[in-house]
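Student: Shown below is the structure under consideration.
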Amino acid sequence: MRIRSLLVAALVLVSLAGCTAVPTSGPVVEVPVTAQAPAIDVAPEPPQDGITPSRLVEGFLQAMADPDGDYSVARQYLTEEDAEYWRPVEALVYDGAVIGSGDSAYIDGTQVGLLDSDGRYSTDFAPLRHDFGVVQEKGQWRIGRPPNGLLLSRYLFERYYTEVSVYYMSDSGSHVVPDPVHLPEQQVTPTGVVEALLRGPSDSIARGVISALPATVRLGGNEASIDAEGVVTVDLTGLSPSLSDEARRRLGAQLIWSLTSIPRVTGLKVTRNGFGFTLPDSNAEGVLELATQQGYQVLSRAAPNAELFAISDGVPGAVSDRFEPWPSMEGSYADLAVSLDAGTIALIGPDRDSLLIGPRSNALAPVETGLANLRRPQFVLGALWVLGDDARGRPVLLTVQRSGEIETVAFDEQTDSRIESYAVSPTGVRAALILVSDEGRRLGIGTIVAATPTRIVGWRELQLVGEQNRLLSEPQAVAFSDETLLGLIANGTGQASVFTVGVDGTRIQDLVPVSGTPVDITALARQGGGAIAIRTESGAAWRHDQRTRWNRLAENITSLNYGG
């Protein structure tokens, strides 16, 4: 059984509250379940007799929000020949309006992004104009020049597509890494999620992850379904019965974390061609419970310390509603970083040429980096990342391991660009880099490859389209609030402001103005996005969260950092 969107016929921007009913008894069914119901319901009607060219195109654009029957309703707006050959596989996301005259209709607007056949979104900002070539067929207007794929208005895309995180394994196999895809709400089902997972990781992280599902594996005849208790049964074919226990553990972790995009999932069963397939650590009923899989999720397996750390007048300490210096901490410092559990700290000396690392409760050990102007230290999976300048004045990224081993991070950068700022994701697979060149500052995402040396590859600029189709410009600082969500300082309307944005360029939100000019940002990485704190040009520290908005915390702050 499927829950279908209700039908409305006009493009009306209305906001209605919604909810998704979840059955508590009865047979096993597959239903689309999203974390948040859409603002309104849209499903198209076929074209009416006598429809005008502009209304025809408007109806066709609405119909592309509903994929049922391979976009069967949308095809009714096309000529018979075009209805047969139109392939709505990829999508162009746009802002724009339909302009029509007596016998023609076209769309005029701005292209803001592309959605590939696997549901991966990429930013792509460009002018858009498409003439739909309306013609008379059997006495009715029909579209004779459909687009190559779907045309989704930004409004429909944001409300009728759901972001789903499918998970792959880190190269080490120690934890899972989310990869966002965007699916029509009707396809957010156990079967839809597993199909998205089996298509493989996006190009943006493919070199930094592996899949625990062998390439031979496909959904079996029973596909995937969820019962009233939230247990998903996934039937797979092409699965070898000789997989080791460790391979089965990783397969189970990857599947169950991907299925958490359906909020009520509690456990997993896997069958092989309809027959039982044992997953290690399953309970007596053969269910792999989500509660037992927290160790594979970096942001779940260790509760992050929620303290906000800072430096004021050269003294390190913590900030709550005011600055509290750490006792017995001698010396003066310019910057700091703290590990996720707050047990290890790194301090940069006042000249920014010296670095100290060690347990917070003991004496710190000096680390010789060979770099000057050390800045932006960050702990990731126990290793310290830091940016500094080499003898030629070129920015260089280093990692410092717990063992004290220092490694230069290779970056396949453009020769005319240098790293201005950066942030590394909690799983250590993504790097958000702000590069500066003669063209100005640009934000992009690269993949961290665990090689010798560690490399950042595939950096790709994010063209971030804010309100009223304004491109965000001059990015200054960035932090990961979640594995797939960034906090960002950039210009939105001619002045620096604070935003959150997805790693693929979606989910852009302006966090309302804050008093003063923000110059630095840090975030408490949590699933779903944690608190964001900024430092302003005047040295004021502010913290933002959904409940309290911006709170002013302290003055005279020169460095601000959450544990990572």
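No lab work stands behind these numbers, since they all come straight from the coordinates. Please read these numbers as outputs of a predicted model, since none were measured by experiment. Please note: Cβ atoms are built from the backbone with ideal geometry, for glycine as well, and neighbour counts cover all protein chains shown.
Student: Going by alpha carbons, how many degrees (0 to 90, nearest 10) lie between the helix axis of 53-63 and the longest principal axis of the chain?
Tutor: The helix 53-63 is inclined about 60 degrees to the chain.
Student: Sticking with this structure for a sec: What does the charge count near Asp353 come to, summing +1 for each Lys or Arg and -1 for each Asp or Glu among other residues with Cβ under 14 Å from its Cβ?
Tutor: After counting each charged neighbour, the total is -3.
Student: Could you please report the charge total around Val89, scoring K, R as +1 and D, E as -1 over all other residues with beta-carbon less than 13 angstrom from its beta-carbon?
Tutor: Here the charged neighbours net out to -1.
Student: Any idea which of Val465, Ala337, Ser417 is furthest toward the positive side of the dipole for the chain, if Lys and Arg beta-carbons carry +1 and Asp and Glu beta-carbons -1?
Tutor: After comparing all options, I get Ala337.
Student: When only Cα pairs under 8 Å and 6 or more residues apart are kept, what is the percent relative contact order across the chain?
Tutor: Relative contact order, the chain: 10 percent.
Student: How charged is the neighbourhood of Val319? Take every other residue with its Cβ under 9 Å from the Cβ of Val319, and add Lys/Arg as +1 and Asp/Glu as -1.
Tutor: It works out to a net charge of -1.
Student: Still on this structure: What is the Cα centroid distance between the stretch 112-155 and the stretch 276-345, reported in whole angstrom?
Tutor: 46 Å
Student: Just to confirm the number: angle between the C-alpha axis of helix 245-259 and the first principal axis of the chain, 0 to 90 degrees, nearest 10?
Tutor: Tilt relative to the chain: about 70 degrees.
Student: Helix-only estimate, please: 222 nm mean residue ellipticity of the chain, summing -39500 (n - 2.57) across DSSP H runs of length 4 or more and dividing by its residues, to the nearest 500.
Tutor: So the helix-based figure for the chain works out to -3000 deg cm²/dmol.
Student: What list of ³J(HN,Hα) couplings, whole Hz, do you get for the stretch 152-160 from phi and the Karplus terms 6.51, -1.76, 1.60, once you set θ to phi - 60° and write x for glycine and proline?
Tutor: 10, 5, 4, 4, 5, 4, 6, 9, 10
Student: Next question. Normalised by the number of residues in the stretch 163-301, what is the relative contact order in percent for Cα pairs under 8 Å and 6+ residues apart?
Tutor: 25 percent
Student: How large is ³J(HN,Hα), in whole Hz, for each residue of the stretch 455-470 in order, when computed from phi with the Karplus curve 6.51 cos²θ - 1.76 cosθ + 1.60 and θ = phi - 60°, using x for Gly and Pro?
Tutor: Whole-Hz 3J(HN,Hα) from phi for the stretch 455-470: 10, 10, 10, x, 4, 9, 5, 9, 8, 8, 9, x, 5, 6, 6, 8.
Student: Still on this structure: Express as a percent, rounded to the nearest 5, the fraction of DSSP beta bridges in the chain (both residues included) that run antiparallel.
Tutor: Given both bridge residues lie in the chain, the antiparallel proportion sits at roughly 90 percent.
Student: To continue, here is another question. I'm spelling it out carefully: the read-out is volume of the Cα convex hull per residue in Å³, the candidates are (i) 142; (ii) 204; (iii) 174, and one was derived from this structure. Which label?
Tutor: Working out volume of the Cα convex hull per residue in Å³ from the coordinates points to (iii).
Student: Positive end of the dipole of the stretch 163-301, charges at C-beta (+1 Lys, Arg; -1 Asp, Glu), about the Cα centre: which of Ile226, Gly238, Gly192 has its Cα farthest in that direction?
Tutor: After comparing all options, I get Gly238.
Student: Over what distance in Å are the Cα centres of the stretch 221-264 and the stretch 181-212 separated?
Tutor: 14 Å
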